[in-house]
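Report on the structure given below.
Read-outs: derived from the displayed coordinates by stated rules, not from any lab. No experiment lies behind these values; they were computed from the predicted model shown. Here the Cβ is made from the backbone with ideal geometry for all residues, glycine too, and neighbour counts use every protein chain on show.
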Amino acid sequence: MSGYVPPARLASEADLNRSWVHKAAEHGLVNLSTLDGEDLIVVRVFAFVDQLVWPGERRSRAITRNMEPWQHQAVNAARDCARSTSTKIDSVMWVGPQGAVITHSPAEHAAYVVDATADRTSFVSIPLGQWIAELPQGLETVFKWPVRLPLNRVSLSDRTELHLAAFQTVPQQITVFVAGRPLPLDSTALRELGNQVSTHYPGEHIRVIEKPRTSGGTGPAQWWELYERGRHLVRRPVPSRELLAEYGPQLDGLAQARQPRLYLRSADV
């Protein structure tokens, strides 16, 4: 787990008023003397569900109220998710008047929505995996992005300068991302790039992934894994979603924050 964070900083990192941290403590959800990244997620979810009003309900902000069972379940599920090694960037918490459910993949998300819609149930989705993945350095939970290596650029023999993002995610392999060039790398440039990286990390296998700039700078760009097979340069397309799940916001332009979405399904609809 991460180290202690003062209430003021936790509120700032969660983009909330500090009163939410103290309110969560009053409900026994967090301990002000031991706040960490896990508690940041708990407070953020608590603040959201505390303000959530289901169709047909009326609540006054001026009236002090106890937490509902479904709110307790949502907060507890959020803490469990922050502690779980099953958590992914795709993990979503679905909250409804009956409680909370965590799903970890698009297929699981779709199954939940189909079932809830069939039951005409009101529910809201919270991108919990995204929130956990976006925790700042020093406040991480069990979810951690690959560590970026201090290798930002190399110069080729033709004086071309390549801007890089390099990571080590598996033993004896360096993954290097090259983006923004107007022209794709050729075999010579690929070998030079590999040699340059090898001087910094000798003995490591170099994996190169490239995203050339699109013509005119418009339209979505495709990521390609480059490698040589015999004398031929091979380009294998790599889905952006796959890279987003592994590297997240460390790759510019790939990560986009997702906000809670409200789905209203009730007998009156």
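Could you check the simple spin-label distance between ARG65 and THR85, using points 7 Å along Cα→Cβ, in nm with one decimal?
In this crude spin-label approximation the distance works out to 4.0 nm.
Put +1 on the Cβ of each Lys and Arg and -1 on the Cβ of each Asp and Glu in the stretch 101-253; which of PRO212, HIS104, PRO146 then has its Cα farthest toward the positive end of the dipole?
Checking the options against the dipole of the stretch 101-253, the answer is PRO212.
Calculate how many DSSP beta bridges within the stretch 153-238 are antiparallel, expressed in % of all such bridges and rounded to the nearest 5.
Details: 18 of 25 bridges.
Close to 70 percent.
Please list 3J(HN,Hα) in residue order for the stretch 70-86, calculated via the Karplus relation 6.51 cos²θ - 1.76 cosθ + 1.60 where θ = phi - 60°; whole Hz, with x for glycine and proline.
Here the 3J(HN,Hα) series is 5, 6, 4, 5, 5, 5, 5, 5, 5, 5, 4, 5, 5, 8, 8, 6, 7 Hz.
From the helices alone, meaning DSSP H stretches of at least four residues, give me the mean residue ellipticity at 222 nm for the chain, per-run term -39500 (n - 2.57), in deg cm²/dmol to the nearest 500. Kindly include the intermediate steps, with their values, before the conclusion.
On the way: 8 runs with 86 residues, N = 269.
Mean residue ellipticity, 222 nm, calculated: -9500 deg cm²/dmol.
Along its three principal axes, how long is the chain when you only count alpha carbons? Whole Å, largest extent first please.
Rounded to whole Å, the extents work out to 71, 45, 33 Å.
For the stretch 153-238, report the % of Cα-Cα distances exceeding 17 Å. List each step's numbers first, then the result.
Working: 1701 of 3655 pairs.
Percentage above 17 Å: 47.
Starting from the Cα of HIS232, step 7 Å along the direction of its Cβ; do the same at LEU156; then give the gap between the two resulting points in nm.
For HIS232 paired with LEU156, the spin-label model returns 2.1 nm.
Quick check for me: using +1 on Lys/Arg Cβ and -1 on Asp/Glu Cβ, what's the dipole size of the chain about its Cα centre, in debye to the nearest 20?
Once rounded to the nearest 20, the dipole reads 380 debye.
So how long is each side of the stretch 6-102 along the principal axes, counting just the alpha-carbon atoms, biggest first, in Å?
So the extents along the principal axes, rounded to whole Å, are 36, 29, 21.
Could you size up the charge dipole of the stretch 153-238 around its Cα centre, putting +1 on the beta carbon of Lys and Arg and -1 on that of Asp and Glu, and report it in debye to the nearest 20?
For the stretch 153-238, the charge dipole is close to 180 debye.
With an 8 Å Cα cut-off and a minimum separation of 6 or more residues, compute the relative contact order for the stretch 153-238 in percent. Don't jump to the answer; show the numbers that get you there.
Details: 139 pairs, mean separation 20.7, N = 86.
Here the relative contact order equals 24 percent.
Give a residue-ordered list of calculated ³J(HN,Hα) values for the stretch 153-162 (Karplus: 6.51 cos²θ - 1.76 cosθ + 1.60, θ = phi - 60°; whole Hz; x for Gly, Pro).
Per-residue couplings from phi come out as 6, 9, 10, 8, 5, 8, 6, 6, 9, 9 Hz.
Once the Cα atoms of helix 37-50 and of the chain are each reduced to a long axis, what angle between those two axes, in degrees from 0 to 90 to the nearest 10, is obtained?
50 degrees
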